[in-house]
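Colleague: Got a structure for you, questions after.
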Amino acid sequence: MASSGNRTAEVTLATGFGSKPKSEKKTNYWKKNSEKVPGSIKPVYSAMYSPADIPTHAQKMSSSRSPGKQKTKKGDSFANFDSNTSDVWDVDENEDLSFLTPQKRQGGHAPREVPSVKSHDSGTITSHNAGSDRIPSTSDSKIDHNISANVPLDDKKPGTSSPQLSSSPARVPAHQYEPPRPASPIRHTSQPPREPGEGRVEKFKELLFDTNTNLDELRKQSWNGIPDSVRPTAWKLLLGYLPANTDRREQTLQRKRSEYFGFVEQYYESRHESQHIDTFRQIHIDIPRTNPLIPMFQMVTVQEIFERILFIWAIRHPASGYVQGINDLVTPFFFVFLSEFAVGEEVTKLDNFDLSKLKEENVKQIEADSFWCMSKLLDGIQDNYTFAQPGIQVKINSLKELIQRINAPLHEHLDSNQVEYLQFAFRWMNNLLMRELPLDGTIRLWDTYMSEPEGFSVFHLYVCAALLQKYAKNIVKEKDFQGIMLFLQNLPTKSWKNDDISLLLAEAYSLKYMFADAPRHLGQQKKR
């Protein structure tokens, strides 16, 4: 590079700093300037001011300079500074960037780095030498605040003035001269933050209490779970118990509740008659076994409610009558509709709730609504409970074929150990996995079942397959019939949370997506 006394450089308003030989055609970076200050740092106006303000500010800066020319000192030219400085601004990739190549330093001294400066935005700190205790700057007040904080500078050379930070009180704070940042994809808002799930609750309320509820949109929103506060109304709508039109709902509820208690008055007294005594006896035996670990179900009042619901349903459905397992299906409805009146109580924390705290009218409403919603559910899977339970038989055979296609080693392991799918999957189909999952997990599962077409019949098959697939490795580790059956009848799912249920449902949905629309593909065996 030529001697600093023969060549000078000037800040170009549009780009930055640097120097170029006169023979270079591209001169948009550097121009000659008679008012040079060797070794000083000048502001990049385009980073500090809008284009309209650059000329005005340039005039002010020019007027503050000494009109006379300043002589440069040997070894202290701006080119020496530039040889060890990387510009922070983007440049045209067609421009000659050879001037950015660092030159060999004189002396053997390591370059001194700028002390650590905390970033105004990210809070990160740049590294610096332990012996450095101040920020280098020019001796005058014209300091460039746009130079990156981690740009290395040359050591102090003889004959150059020691850089000092301007102490003028009129100096504009450095944070105002920060280089422009790219737009962030995260937009900050002045609105107060919402509570978790608050937005979903509002969305559900808009749907549920619209003049005519959009059931398709309600199913879409409910697939990923329904907030506790709106679940009672959402379930009634999804099952078809309530009409979509809000003006007809109250009248419908009054009519259906009155109709249920009309059935109770008409049929319940016949429970001791010879034709019904066997049915009622079985119900009476099964009720205390329903969730025996939940204290509420040991209350006499609650057991009488369940007896009435199950007996009336059996009387009105003689083709199937009462079958063990149906008693479990009342439980989720009872808890969900109880939460509608137990203000401030979560559904999963009603185990010890005292039903005597509620008005008798509210208790009757819970009972009637539970009966009708359970009836709506059983209408779609009634063949599970008719003679010989053909619905369950078909689903278990489909489960066997599905596992054979998606996990042949698991199927072969079960088959080689004489484990029949009927031996462990019958309970999964009969009780809809209620004996395998905690109560809150069942309620979350049913949110999705009610959102799916034929959720309790068709989609439940894929949930069972996903559950079997999840524990395939554990099952294969068991080497005999007894070990396999003990594991399958005591799955480690009792402590599952909603996230675990959501993952299971996602896997089940992927299986349904692959096989539900291709029943021939599901039943087709691999050709050998």
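Colleague: So which residues in the stretch 311-359 are modelled with pLDDT of 90 or more, of a type in the set (Lys, Arg) and closer than 12 Å to residue 296 by Cβ?
Modeller: Selection gives nothing.
Colleague: Then there is this: Take the residues in the stretch 404-459 that are open to solvent by less than 60 Å² (accessible area, probe 1.4 Å) and of a type in the set (Asp, Glu), then tell me which one is farthest from residue 383 (Cα to Cα).
Modeller: Checked the stretch 404-459; the qualifying residue farthest from residue 383 (Cα to Cα) is 440.
Colleague: Do any helices (runs of 4 or more DSSP H) lying entirely in the stretch 459-521 carry at least 1 residues that are of a type in the set (Ser, Thr, Tyr), and which ones are they? Reasoning before the result, please.
Modeller: Details: elements: 460-470, 472-477, 481-489, 498-515.
The helices (runs of 4 or more DSSP H) meeting that bar are 460-470, 498-515.
Colleague: A further question follows. On the given criteria, is residue 240 surrounded by fewer than 18 Cβ atoms within 10 Å (Cβ to Cβ), within 24 Å of residue 325 (Cα to Cα) and out of contact with any Cys (no Cβ under 6 Å at 6 or more places or on another chain)? Working first, answer last.
Modeller: Working: surrounded by fewer than 18 Cβ atoms within 10 Å (Cβ to Cβ): yes; within 24 Å of residue 325 (Cα to Cα): yes; out of contact with any Cys (no Cβ under 6 Å at 6 or more places or on another chain): yes.
Criteria met by residue 240.
Colleague: Can you pull out every residue in the stretch 285-300 that is at positive phi and either of a type in the set (Ser, Thr, Tyr) or surrounded by fewer than 17 Cβ atoms within 10 Å (Cβ to Cβ) (or both)?
Modeller: none
Each row is one residue, and each column tells you yes or no for (1) part of a helix (DSSP H, G or I); (2) crowded, with 16+ Cβ neighbours inside 10 Å.
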| site | (1), (2) |
| --- | --- |
| 283 | yes, yes |
| 302 | yes, yes |
| 309 | yes, yes |
| 314 | yes, yes |
| 320 | no, yes |
| 330 | yes, yes |
| 333 | yes, yes |
| 343 | no, no |
| 363 | yes, yes |
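Colleague: Which condition breaks for residue 293 when tested against (1) within 18 Å of residue 438 (Cβ to Cβ); (2) touching a residue at least 12 places away in the same chain (Cβ under 8 Å)?
Modeller: (2)
Colleague: Determine whether the stretch 253-276 contains at least one residue that is touching a strand residue (DSSP E or B) at 6+ places or on another chain (Cβ under 6 Å), more than 20 Å from residue 337 (Cβ to Cβ), without any contact (Cβ under 8 Å) to a residue 60 or more places away in the chain and open to solvent by less than 40 Å² (accessible area, probe 1.4 Å). Talk me through it step by step, then tell me what you get.
Modeller: Restricting attention to the stretch 253-276, the residues satisfying the condition of being touching a strand residue (DSSP E or B) at 6+ places or on another chain (Cβ under 6 Å) are none.
No, the conditions are met nowhere in the stretch 253-276.
Colleague: Please indicate, with yes or no, whether at least one residue in the stretch 468-490 is within 23 Å of residue 381 (Cα to Cα) and modelled with pLDDT of 95 or more.
Modeller: Yes.
Colleague: Restricting attention to the stretch 197-253, which residues are of a type in the set (Ser, Thr, Tyr) and in a loop (DSSP other than H, G, I, E, B)? Give the derivation first.
Modeller: Taking the stretch 197-253 and keeping what is of a type in the set (Ser, Thr, Tyr), we get 211, 213, 222, 229, 233, 241, 246, 252.
211, 213, 241 - these are the residues of the stretch 197-253 that are of a type in the set (Ser, Thr, Tyr) and in a loop (DSSP other than H, G, I, E, B).
Colleague: Sticking with this structure for a sec: Determine the pairs where a residue that is aromatic (Phe, Trp, Tyr), located within the stretch 207-225, has a partner that is open to solvent by 80 Å² or more (accessible area, probe 1.4 Å) with Cβ atoms under 9 Å apart, the partner being 6 or more residues away or on another chain.
Modeller: Listed pairs, sorted by first residue: 223/509.
Colleague: Among what's in the stretch 395-426 and is among the polar types (S, T, N, Q) and either in a helix (DSSP H, G or I) or under 34 Å from the mean Cα position of the chain (by Cα) (or both), pick the residue that is farthest from residue 460 (Cα to Cα). I'd like the intermediate steps shown before the answer.
Modeller: Step one: list which residues in the stretch 395-426 are among the polar types (S, T, N, Q), which gives 397-398, 404, 407, 416-418, 423.
If we keep only those that are either in a helix (DSSP H, G or I) or under 34 Å from the mean Cα position of the chain (by Cα) (or both) too, we end up with 397-398, 404, 407, 416, 423.
Numbers: 397: 14, 398: 11, 404: 18, 407: 18, 416: 26, 423: 18 Å.
Filtering first and then ranking leaves 416.
Colleague: Scan the stretch 439-458 residue by residue and report those that are part of a loop (DSSP other than H, G, I, E, B) and free of Cβ contacts under 8 Å to residues at least 60 places away in the same chain.
Modeller: Scanning the stretch 439-458 gives a single hit, 453.
Colleague: Of the conditions (1) of a type in the set (D, E, K, R); (2) surrounded by fewer than 17 Cβ atoms within 10 Å (Cβ to Cβ); (3) out of contact with any Leu (no Cβ under 9 Å at 6 or more places or on another chain), residue 367 satisfies every one except a single condition; which number is it?
Modeller: With (1) of a type in the set (D, E, K, R); (2) surrounded by fewer than 17 Cβ atoms within 10 Å (Cβ to Cβ); (3) out of contact with any Leu (no Cβ under 9 Å at 6 or more places or on another chain) applied to residue 367, the lone miss is (2).
Colleague: Those residues that are open to solvent by 10 Å² or more (accessible area, probe 1.4 Å) and either at pLDDT below 95 or more than 30 Å from residue 234 (Cα to Cα) (or both), I need them from the stretch 370-394; list them, please.
Modeller: Listed by number, the residues that qualify are 379, 380, 382, 383, 386, 387, 388, 389, 390, 393, 394.
Colleague: Okay, moving on. Within the stretch 397-424, track down each residue that is aliphatic (A, V, I, L, M) and farther than 16 Å from residue 469 by Cβ. Before you say what the answer is, go through the steps one by one.
Modeller: Initially, the stretch 397-424 is screened for residues aliphatic (A, V, I, L, M), giving 399, 402-403, 406, 408, 410, 414, 419, 422.
Of everything in the stretch 397-424, just one residue is aliphatic (A, V, I, L, M) and farther than 16 Å from residue 469 by Cβ, namely 422.
Colleague: Out of the stretch 224-237, which residues are under 17 Å from residue 455 (Cα atoms) and open to solvent by 50 Å² or more (accessible area, probe 1.4 Å)?
Modeller: 224
The values are calculated or read from the model by the stated rules, or taken from the named source; none is laboratory data. A quick note: this is a predicted structure, and the numbers were derived from the prediction, not measured. Note that each Cβ is placed from the backbone with ideal geometry, even for glycine, and that neighbours are counted across all protein chains shown. Heavy atoms of the whole protein, side chains included, go into the accessibility calculation; ligands, DNA and RNA do not. Shrake-Rupley method; radii C 1.70, N 1.55, O 1.52, S 1.80 Å.
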